[in-house]
Structures are given as structure tokens and as C-alpha cells.
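Reviewing the structure listed below.
The values are calculated or read from the model by the stated rules, or taken from the named source; none is laboratory data. As the structure is a computational prediction, the values presented were derived from the model and not from experiment. Neighbour counts are summed over all protein chains in view; Cβ atoms, including those assigned to glycine, are modelled from backbone coordinates with ideal geometry.
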Amino acid sequence: MIGGLFIYNHKGEVLISRVYRDDIGCLSTPYPSWERNAVDAFRVNVIHARQQVRSPVTNIARTSFFHVKRSNIWLAAVTKQNVNAAMVFEFLYKMCDVMTAYFSKISEENIKNNFVLIYELLDEILDFGYPQNSESGALKTFITQQGIKSQVRDKDEQSQITSQVTGQIGWRREGIKYRRNELFLDVLESVNLLMSPQGQVLSAHVSGRVVMKSYLSGMPECKFGMNDKIVIDKQQGKGATSDDSAKSGKQSIAIDDCTFHQCVRLSKFDSERSISFIPPDGDYELMRYRTTKDIILPFRVIPLVREVGRTKLEVKVVIKSNFKASLLAQKIEVRIPTPLNTSGVQVICMKGKAKYKASDNAIVWKIKRMAGMKESQISAEIELLPTNEKKKWTRPPISMNFEVPFAPSGLKVRYLKVFESKLNYSDHDVIKWVRYIGRSGIYETRC
Amino acid sequence: MTDSKYFTTNKKGEIFELKAELNNEKKEKRKEAVKKVIAAMTVGKDVSSLFPDVVNCMQTDNLELKKLVYLYLMNYAKSQPDMAIMAVNSFVKDCEDPNPLIRALAVRTMGCIRVDKITEYLCEPLRKCLKDEDPYVRKTAAVCVAKLHDINAQMVEDQGFLDSLRDLIADSNPMVVANAVAALSEISESHPNSNLLDLNPQNINKLLTALNECTEWGQIFILDCLSNYNPKDEREAQSICERVTPRLSHANSAVVLSAVKVLMKFLELLPKESDYYNTLLKKLSPPLVTLLSGEPEVQYVALRNINLIVQKRPEILKQEIKVFFVKYNDPIYVKLEKLDIMIRLASQANIAQVLAELKEYATEVDVDFVRKAVRAIGRCAIKVEQSAERCVSTLLDLIQTKVNYVVQEAIVVIRDIFRKYPNKYESIIATLCENLDSLDEPDARAAMIWIVGEYAERIDNADELLESFLEGFHDESTQVQLTLLTAIVKLFLKKPSETQELVQQVLSLATQDSDNPDLRDRGYIYWRLLSTDPVTAKEVVLSEKPLISEETDLIEPTLLDELICHIGSLASVYHKPPNAFVEGSHGIHRKHLPIQHSRSGATTSVIPSQGDLLGDLLNLDLGPPVNVPQVSSMQMGAVDLLGGGLDSLVGDKILLITTCSTLQSAELVLFFMYLIVVWLPAVKAKGLEICGTFSRRQGHMYMDMTFTNKALQHMSDFAIQFNKNSFGMIPTSPLPIHTPLMPSQTIEVSLPLNTIGPVMKMDPLNNLQVAVKNNIDVFYFSGLIPLNIFFVEDGKMERQVFLATWKDIPTRMNCSTRLRNTVSGKLQSNNIYTIAKRNVEGQDMLYQSLKLTNGIWILAELRIQPGNPNYTVRELPQRLSLSNRGISCFLTFPFALDQGSPTFLNLRATSWVLSHTTGTPFDTLF
């Protein structure tokens, strides 16, 4: 298990050091000699290494160092055993989450300002190197920056804390109250595409996340439904009317794989494919998913490159928006790569602004907004310096960035039902907001 | 509140000032002072001299201050054990505190203070805390037992804490269960009894229930523990898998990977043809792909593991090659790993895509990555034959880029392609030669020189090219020097007329001016060869080279299986077994994949004598025989007896033991295979190791051998010869090893045998003396042939003949042996035929016949007691009639040894005891 945990600043100075295991060194006078050695070894071999980091796991003198970096802060976990490596990294991420939850940004200043708090947290969430409950919601009930006077708390309150920390719903504390029960659902997708010059899709996939912000009282039981093909097919199988199937059946989507926040009951998902949970309070990521079938590609890029002699290139690129005319895409950017020996570029575009950026070897064409079912065009003449190199220009793909107000995977939230039996509000009283944002991931067309 | 100020003080009299502040009357001041002490401790200052002052602050009702003091204590208690005792009272008091958080804090901290005196005081509070009413305290106490075990293992056992921990597995709170599991798992790693957890179906059920309810970390502990369990049958394995699969949708990648580990292990137990097996394989792929959309560090861990999974079960991800395509923004460590997996998944179906990608990568910036991409193209060419041409043209394109390291790497892989596909792509040599001057790395220079030498006859100016290297001969690395020497000798042998001068020059450089013994030796050998016998020289130097293998960097299968058991852990990241990087007692138990239990009824009753007979079974390194025919333990025992030099104890029992073990496995494998025995250890044979076994397949006998070259030089010119032996056994063909055996290479050969050779009685009878020759020396070894490979298919005697023959056998030689019931069918598959069966005095009598290759018939009477099906082998010798020891079978033998027509001209019965101590001289039989 984890033998020790250290936080360094960008210079390699130790801000926090907490040792859990003797095996990683003797903790005797004057100051744990091993620890210092390990601290130095990591600094010399990783933080001060000239080369780019070649691996997030480093083995120095039979001691393994796991590190993650947040801005210019290094978090390193150290061990001499055959630990679960995935767990160590997940823990380090969690540690970052917890710190962010307590003091927002992870920076040297914030860490120094909160070092007592961090030690307290480390004592709680890692015991003998074993990660313990690390949900910030629960931790905040008994580890506060103000410091708790032990006798102030009455017995009920104490046992409530402990039952939550050890309980089945460690991510939510009891007794949360809101005057207005409200929840926000964001479906955030990034659509990835590689297309051939002829317009053939070489690979396309959407990776999406459902992010939820919940302000709900009590311990609400939630049920989330989306147009998952498996669920909808199952319902139709149960003898739904033909109207129903016409309504929902067509628009169901096949989800390749999904993962859930730990609040979701996985066995229930596995058996019934229903997503039920008691949500954490506030912001969290409910699920991630991946789809590859029937993706709506918001934009199509049609490139035309013509070589005129040896010193000139003519490039014409047409982009077509392929979604409902009533919707607006934003932050559109098209990057058209140019050869290394470009000497000058003349651009004409119908819409937006286009510029040749010599440092990037590309023409960057930006359009602020574009409605659906439209098309726009850019043409450019590229002057080339004559070179004696025989090597042909390899023509990197044209890439694109954009943001659209719908989910390219076709995912639709069908419902999010909230049940809270003890408190006096029903599903209808909850104000729910749903938003879809589709962004470009790696969206490339070869030319 | 800004605490950063505590980091800034660094005055000289700091310690003194702190001391004063720690003793200040005001609480707030004291707290400030302790914070300063901790800050100083963090940055590495020695503040141990403040120990008494800090401990004085411990008696406080301020939890925050208390935690700080505890933190200090944990760091310095060991250096001041006597002072640390001062804190004990406070700890013990806190363990009784009404606040569960404080009780837990006290017991948690006490466990971290590694001072014997304090540990003694820990026992009582710990015992109470393990039974505390509050789950928070219990879960902390569970981990504390592991801490205590680390300090004083004996005390933990004596105090019965292990039992208390085991009780916690049934706790109502899932987190307590999880921590108890974690603690027990850790303790059992260094504990002689590796099954401390007592994993039985009930406990497993409890764990599976807790799995659904505990935190993500708890799920990891439980899954890691589950993976150590060996389900008793496929039904149990399947039901566990069913309850583990939902975890594959967890957002925590460690939970997913641990679940994958459990499933990968238990897959071994599921029958391949079952629907569930295939469903499970399908379910494994999406979560593995999803892991690649996580943060880069987790991606890296996932990729290292996928690398193992792809080697073990390529079918899981064979459709998913696209997800391993490198993204521009991936960190370099992710890129390199993806590249590795791409090559493993490359196949004819996807090679076009893969090549297109690899070509992209070869134009990237990172030098290591580009080199690896170029190497990958070469590996694709070698792996997928159909793509070789495309790969070569891609490599040529890359050479045209003139990027120095790309060119060099390309030339190295092209050499390998030439080796794999000789006489196919030599047309490109001209292009390669253009780049001769730009090569500055030894690998690339050596590769180029090798190519020039190998194809000297097609390169007009080969002599000039090689001569150009000769100028700086002494500055070259050894590798280049050796290659250059060989290349020039090759050139000379191909074009002797023009290159005499050149070869003399290089020979004198190598022999007279060099300090390197390898180089000198090789130089002298060539020199002598060339001067004495140019024809032989040609044969030697220009001999045909063995083809290179396709998969070069596969992980060795036993290691792979072990690593599969460690999925998700550091071992799987390093691709090394834990003992390679873990010190001390942790991980003393090596992990194996579970072995599929045979599903036939035959193994349900085990011959009881197993333990006695097969005492040294444990010494056999069984390894995990995963897909090989199932070998029951009984067989292994038999093999061990046969191979391990028959000592006096068991010499007589060969036949029967082999027969019995055959019975055990007859339903599974028709003709069982013997486990492999090392015949010739490497130390005795200058690095050559031969292990092997005899077998009979489809009526033919074979000697199956594995040759391993453990020396540093290659071996060639293998030949084998048998000494005269009892059965006239000789090989029917020469040893089928045609290619030199490279260092650390292994080759498996199957040598067909027959029995038409010269006969001489051996002692023991089934002894076989073998001589093996190679280019280094001649080596001798002897092995024992299991008799049943001589049992021929037509050993079924006519009933009448049998009866007549049987009667002619003098009764005094009669001897009975007993075997289990319903054996005849199983015997038959080993060519032992049942001729008649009758019931005498409540016993079944089976009359058996079998025939050896040399035409000797063996008749046997088997007496079976119905009420005693497990009649043991051990008791056999008591019933012997002729010899005092050993089984005896009665045998008659034909006068003529004509195998085609066994005519019983002169029936004479003689006892032939299968014993090296009492056997009658064999040759007197004729």
C-alpha cells in the first residue's frame, strides 16, 4: 500500500510530507533519513529531470514513485510494495478533488496556507496507506478549517457523522435543506472524426459526459432515463403501443459503453439497465459514455487542393453545417495546414475572418456563429518558395473546432425523476434544467 | 487564515523561541507554536529536541491541536521512545472517549507509533475498539491490526487479533468488511498460511454482498482479495463472475481493472465452448476501451495491462485497434504504449490502416517515438507477410526524408526484413547504399555492413563501400568491427579475384592490431579457414541462415500468467513479477492462474496412496498448465518416478503406476503424455539443455524433446544416436534440427522412433542411452522409456489362444494384481486388452493381453474386489509370487520375433519381472 505522500512545488521543495509506512525508510533521528532520500531522489530524477517525463511511475532504488501534476504542483505517492497502481492514481486524483473542494485552486500559496488542513485530511483519507472514504461532502462535516471543539458536538451528531463516513451513502450527508429544489443536467459531448478527402468517414466516435448539479433536500432517490436503445427496445418488447414506438423507438441510440459515479447502483444497471442513485450534493459527474453508431456530424469539410506549377497551391475549402436550421453553432474555427515553404498567402472568405499564421504553418479561419443547413467557403492562393527537396509535402489533415447546442450522439434525456418520501416535496416540485453541448474533439478531414 | 507564514521563519534561535512559545500560557499561542513546529518538520528541519514541550500540548480538548501533536508524535516517537511513553496515558484515555472520532483517532495514531513499549499498551484498547459499537471505530481498528502485525506479528497472533479480524468479515457495515479484508490480505502476504482469510463459499458470498455497498476503495480491496480465491468448479466461478461484472461500469478505473483481473482469472475455469464464456469476453472489451478516455496516468496503467491482456487473450480487443491510434496530445508514455499494442493487434485485416498511422507517427517530433514507429513498421512486415511489400515501400519513403535517425532505424529493420524474406526485396539495396555516409550509430552501421556483405554479389562497388568503413576500423564499436570482418570475408568468398587485398587488410587489422579477444579469435578462424580450405570456408561463412521469428518481444508464458494475476498492480505496470522489485517478506506467495478442474468423473476418486508414493510431488515445478491437456496429479507423480532416476523403492512399480495413472486420465486424453523430464542439464552439456518425454501417437512412438541453448554462442550440427537397448529402439529419421540454435532460443522436436535396431538387454530393462552431438561436443545421457509406449495396437489375443497359453504357464508363476473396477475400456485406450472376465469367490477376474513392439506378449490376470474399488497400488508387492518385489506380469513370448505373424511355436513361460534388480537376463529368453 501507499508508503508515503508528498507534495512538491515546481522547484522541488517539499510542501507536505506524510509517511505511512516504515518499510519505505526508518523514521528515526535526526529526521527520517530515508524520507529525505526519497524526497531528494524524486526531485533529482523526476522534477529536475531535463527530459520530458517518460512515465508517471518511476522506480528508483526499488522504491516506486507515482506522480501527477496539477499546474506546477507535484503530488507523489511512494511505495515499496506491489500496490494496486490504478488505485494509487485514482487516489491522487481524488486527493486533488478534495483539495479543490476545500480551497478551490491547487497552488503553492493555497497549500502552504492550508497545510494543517491537508495533514488532517491525509490522516483521515489514508490510513496505513489504505484509502478511506474521500468524498468531500462527507469530509466537510467533520474536517473544517475552523477546527472542531470535540466537546461541542452532541452524541447524536457524532454518530451521524461516523455513520455517514462509513455508511453506504458516503457521498452525501443527511439533513440537507433547500428552499428551492433544483437540479441542472448538462450533457457534454465531444465528437471526434477522421474523414477521407472524398467524404468517407474513416473513424468517428462521441465521448460524452452527463454532469449534474443538484440542489435537493433530504436523501432523494433519483432515476435517470435516456434514449438508450437497449432500454427502449425492451420496453417495446413488453408490448407498448405502436404510437409509443413511433415516438421513441426511432430516436434511440446504441451506447458502446458507459461508466458511472459511485452513487449509481451498478448491479441494478447490469440487470435492468436502469440508472438509479442518491446524488451527491452540488456538482458531480453522473456518467460517461461512448458511442460510435449513427453520429450526427455537425459539420462537413470539403477540401480541394490544386497544385499550380511548383510554386503555387490553390486551396478551396467548403464547410457545410448539417443540423437544424434553427440552431446556431458557435466558436467555429477551421485550420488549413500550409506547406513549410510557404512564402505568402492570399485568402478570400465569404464569412468570418481568415488569417495565415506562419508560426503554425496554417490558415486559421474563424466564424463566430453559423446556423444549420448553411454553407460557407474559403479560397486561398499559397505561394511557395522553390525548393530542391524532392520530398513531397505530406498534407496534414484540416482540423476543425466548434460548439453546437445539441448532442451529436443523439442522446436525449428522457426523464430524471426525484423521489423523497420523508420530506414534503414531490417530483413535480423540483425545477429541472437540461442543456446539451456538443464540442469538437479531434475533428479532422484529410485533404 | 494564512498558515504560509509558518514556513518562512528561519532565524538561528528558532528552536529556542519555539520552545518558549510551546510553553506559553495561552492556548492559541501554543497552537500557533505547534503549527510552526510541524511546518519546520515538513521542510526537513530537525525539531526532535522539542519533544517534551510538544507532548505537553497533547492534553487539550482542541481536536485540531491534538491531531497536530499526534502528527509530531508519529514522526519522532521512535527517536525518543522513553519520552513517547508520556503520551500513552493520554492515548488510553482517548480510547475511552465518548466521541467515536476521538476513539478512532487515538487507536489510529497509536498504531503508527512504532515503539515497543507503546505497542504493549495498545492491545487492550485495540481489542475494545474491534468490538466498538461505532463502525467508524471498528473500521479504523481493523487497519490497526495490520499496523500492529507489521510491528510485532507474534503479538497479533498471540492476542487472537487475527480471529477478531476474521469475525469482522461478517460485520454489518460494508466499510468495516472492506478494511478487514484489506488488513487480512496484507497480513496473509507475509504469513506462512496464505489462506488466512479462509476463503470459502460463505465468506465469498459475504464479500460479494459488501461489494455492492462499500466505497470505491473498499470495492478495490474486496475485488483484489476475490482474485486470490480458487472457485471449486465452473458453476461457482460463473456465479462470482456474474456478480463482479457490474463493476466494469464503475467510474473508478482501479475498480474496473480489479474486476477485469477477477474475470481474467476465472475465465480459465469456464468451458470455452459455453455461451457465458463468450458473453464474458465480449463484456470485457468496452470497459477496457473506456479506460483510455481517462486521465493520462490511468491510461498508462491501463495500456500496460492491456498489453498483457492482448497477449493472453487477443480475441478480446482484436476489433478495437482504432482506439489505440495515437492522439496528438497524448503524453509520450501513452504514445509509446499505444504503439506497442497496435503492433500486437496488427493483422492482415487492419494492416493498411496501421501502416498509414505508423507512417504518420514517423514524422512526429519525439525521437524515441519516431524510432519506435519505424521499428514498428519493420515488425509489421515480419508479422504480416502480405504487408511486407507495403512496409518496405513505406520504409523507403521514410529513408527519402533523410532525417538522420529515421534513416538509421529504417536500415536496422530492413536488415531484419531481408532475413525474414530472403531474395525478395534486394532491389532496394541501391537506395540504402546512398545513405551510407549519414549512418553514425553502431546498430545502423552494422546493419548496413551486414547487408552489403550478404548481397555483395549484387552490389558492384561492394568492395569500395566496405573499404570506406575500414579506414576508421579501430574507432568503430565491437559490433561494427565484427560485422565488418564477416562482411569482408563474405565478399572475398563471393568475389575472390578483386578483393584479396581487402580481406588481408581486415584480417590483419582484426588479428594483429586489435585488443579485443573476440575480434582476434574470429579473425584467426577466418584466416585459417580461408588458408586451409576455401570450400569449407564457403560452406561455413555463406551457410544458409535460419529465419528469424515473428514475435520477438512476447512475454514468456509462465510470467505472463503470473502477471495476469497481478492486473492493476505495479507488477503489471513494470511487467515484472513482484519479487523483482519488492523486498522482504511481502509477496512470498507467487500467484498462479487457476487450473481448470477436469470435468470427468474419473478424477473424483483419488488413489489414496498418492501422498506416500509421490512424496516429492511438491518439488515439481508444475507451472500453470493452462491449455495443455489436463494432467492430473497422479500422472505427474508417475512421471516423476519414471524420470527421476528409479531408485530402489519404486523400480518395480513402473508398469502398474503408469497404468493406474492412465486410468485416471483415460477419459480426458486418450494416450496420456508424460511430464517433461530434464535429461541433460545445461551444466553438464556446455549450455545445452535437453528435456523431453516419450509418447505414442497413432501407433507410432516418438521422443519429444525440447532443446534449449543456455550458452552464449549458437549451436548447430545436431545429431542423435541411441545405444543398443532392450527393445531395439532407434530413431527413424535424423534429428530434425536444421537451423542453428541461437543463445537462449528453444526448439521443440519430435523424433519418430521404431524398434528395428540392434537389441541388447539393458539394466533396467527400459533404460535408454542416448548420445547427442552438436558443433561443440558430444554429450551422453540416459532416460527410462515408459513401457506402455511399446504396447502395440494389435495386442488383442484370440480368446482360445489366450486360454491355451494361460494354462501352459506354470502356476507357480501365477501372480495376480488388482486394479480398480470398470477399467477395461480405459486400459484398452492404452492398448491393453481385456480378453475375458469371470467371477471367482466374489472377485472379478479380468484377463488381459498386451503385446510389445518386439512381439512379446504379456498376459495378465487382474483380480478386482467389487467392494473395494480403490484398491491401492501400494499393496501389490505382497501378492507377488515369483519375485519378492515388483509387479509381475506373466508373459509368454513368441519364439520368432517376426512382428507380423506372432506364431507360438514353442510356448514357454518365463517370468519377466520389470525390475532392474530381479529381472532375469533378457537375452536368455531367446
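Overview of results
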{"item": "Residue selected from the stretch B:262-299 under the condition outside any helix (DSSP H, G or I) and farther than 21 Å from residue B:595 by Cα, by the criterion nearest to the chain's Cα centre (by Cα)", "result": "B:292"}
{"item": "Residue in the stretch B:543-557 that is more than 14 Å from chain A (Cβ to nearest Cβ), closer than 24 Å to residue B:268 by Cα and assigned to a helix (DSSP H, G or I) present", "result": "yes"}
{"item": "Exclusive hit being buried (at least 23 other Cβ atoms within 10 Å of the Cβ) and either under 25 Å from residue B:221 (Cβ atoms) or away from chain A (no Cβ under 12 Å) (or both), set B:146, B:153", "result": "B:146"}
{"item": "Residues located in the stretch A:191-202, provided they are assigned to a strand (DSSP E or B) and at pLDDT 85 or above", "result": "A:191, A:192, A:193, A:194, A:195, A:201"}
{"item": "Out of B:307, B:252, B:278, sole residue that is without any contact (Cβ under 8 Å) to a residue 12 or more places away in the chain and either within 7 Å of chain A (Cβ to nearest Cβ) or polar (S, T, N, Q) (or both)", "result": "B:278"}
{"item": "Pair list, Cβ < 9 Å and 6+ apart or interchain, from the stretch A:124-139 residues that are closer than 11 Å to residue A:95 by Cα and more than 9 Å from chain B (Cβ to nearest Cβ) to residues that are of a type in the set (Asp, Glu) and in a loop (DSSP other than H, G, I, E, B)", "result": "none"}
{"item": "Only one of A:290, A:265 that is at the interface with chain B (Cβ under 8 Å from one of its Cβ atoms) and within 18 Å of residue A:412 (Cβ to Cβ)", "result": "A:290"}
{"item": "Number of positions in the stretch B:533-574 that are among the acidic types (Asp, Glu), under 25 Å from residue B:383 (Cβ atoms) and surrounded by 12 or more Cβ atoms within 10 Å (Cβ to Cβ)", "result": "2"}
{"item": "All positions within the stretch B:54-71 that are within 12 Å of chain A (Cβ to nearest Cβ) and either in contact (Cβ under 8 Å) with a residue 40 or more places away in the chain or assigned to a helix (DSSP H, G or I) (or both)", "result": "B:63, B:64, B:65, B:66, B:67, B:68, B:69, B:70, B:71"}
{"item": "Selected residue (criterion: nearest to the other protein chains (Cβ to nearest Cβ)) from residues of the stretch B:10-53 that are among the basic types (Lys, Arg) and assigned to a loop (DSSP other than H, G, I, E, B)", "result": "B:45"}
{"item": "Residues of the stretch B:375-398 classified as crowded, with 21+ Cβ neighbours inside 10 Å and farther than 15 Å from residue B:346 by Cβ, total", "result": "3"}
{"item": "Of all residues in the stretch B:319-333 being part of a helix (DSSP H, G or I) and aliphatic (A, V, I, L, M), the one that is farthest from the other protein chains (Cβ to nearest Cβ)", "result": "B:321"}
{"item": "Filter result (crowded, with 22+ Cβ neighbours inside 10 Å and of a type outside the set (A, V, I, L, M)) within the stretch B:232-265", "result": "B:241, B:247, B:249, B:250, B:252, B:253, B:258, B:261, B:265"}
{"item": "Qualifying residue in the stretch B:76-97 (condition: more than 7 Å from chain A (Cβ to nearest Cβ), assigned to a loop (DSSP other than H, G, I, E, B) and out of contact with any Pro (no Cβ under 9 Å at 6 or more places or on another chain))", "result": "yes"}
{"item": "All positions within the stretch B:776-800 that are among the hydrophobic types (A, V, I, L, M, F, W, C) and part of a helix (DSSP H, G or I)", "result": "B:787, B:789, B:790"}
{"item": "Of residues in the stretch A:59-118 being buried (at least 18 other Cβ atoms within 10 Å of the Cβ) and of a type in the set (Asp, Glu), the one nearest to the other protein chains (Cβ to nearest Cβ)", "result": "A:90"}
{"item": "Residue ID - nearest to residue A:420 (Cα to Cα), chosen from residues in the stretch A:269-323 that are among the small types (Gly, Ala, Ser) and part of a loop (DSSP other than H, G, I, E, B)", "result": "A:274"}
{"item": "Unique residue being over 23 Å from residue B:579 (Cα atoms), surrounded by 17 or more Cβ atoms within 10 Å (Cβ to Cβ) and out of contact with any strand residue (DSSP E or B) (no Cβ under 6 Å at 6 or more places or on another chain) when the list is B:228, B:205, B:173", "result": "B:173"}
{"item": "Residue A:46 vs. criteria more than 27 Å from residue A:280 (Cα to Cα) and among the β-branched types (Val, Ile, Thr)", "result": "yes"}
{"item": "Failed condition for residue B:350, given (1) away from chain A (no Cβ under 11 Å); (2) buried (at least 20 other Cβ atoms within 10 Å of the Cβ); (3) within 30 Å of residue B:386 (Cα to Cα)", "result": "(2)"}
{"item": "Sole exception among (1) on the phi < 0 side of the Ramachandran plot; (2) more than 10 Å from every other protein chain (Cβ to nearest Cβ) for residue B:215, by number", "result": "(2)"}
{"item": "Qualifying residue in the stretch B:746-763 (condition: of a type outside the set (Ser, Thr, Tyr), at pLDDT below 80, within 27 Å of residue B:683 (Cβ to Cβ) and surrounded by 14 or more Cβ atoms within 10 Å (Cβ to Cβ))", "result": "yes"}
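To keep it simple, each residue is scored yes or no on (1) among the basic types (Lys, Arg); (2) under 15 Å from residue B:42 (Cβ atoms); (3) modelled with pLDDT under 80.
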site	(1), (2), (3)
A:50	yes, no, yes
A:62	yes, no, no
A:65	no, no, no
A:68	no, no, no
A:73	no, yes, no
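Conditions (1) under 29 Å from residue B:403 (Cβ atoms); (2) of a type in the set (Asp, Glu); (3) at pLDDT 85 or above, marked per residue:
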residue	(1), (2), (3)
B:455	yes, no, yes
B:467	yes, yes, yes
B:482	yes, no, yes
B:491	no, no, yes
B:498	no, yes, no
B:508	no, no, yes
B:521	no, yes, yes
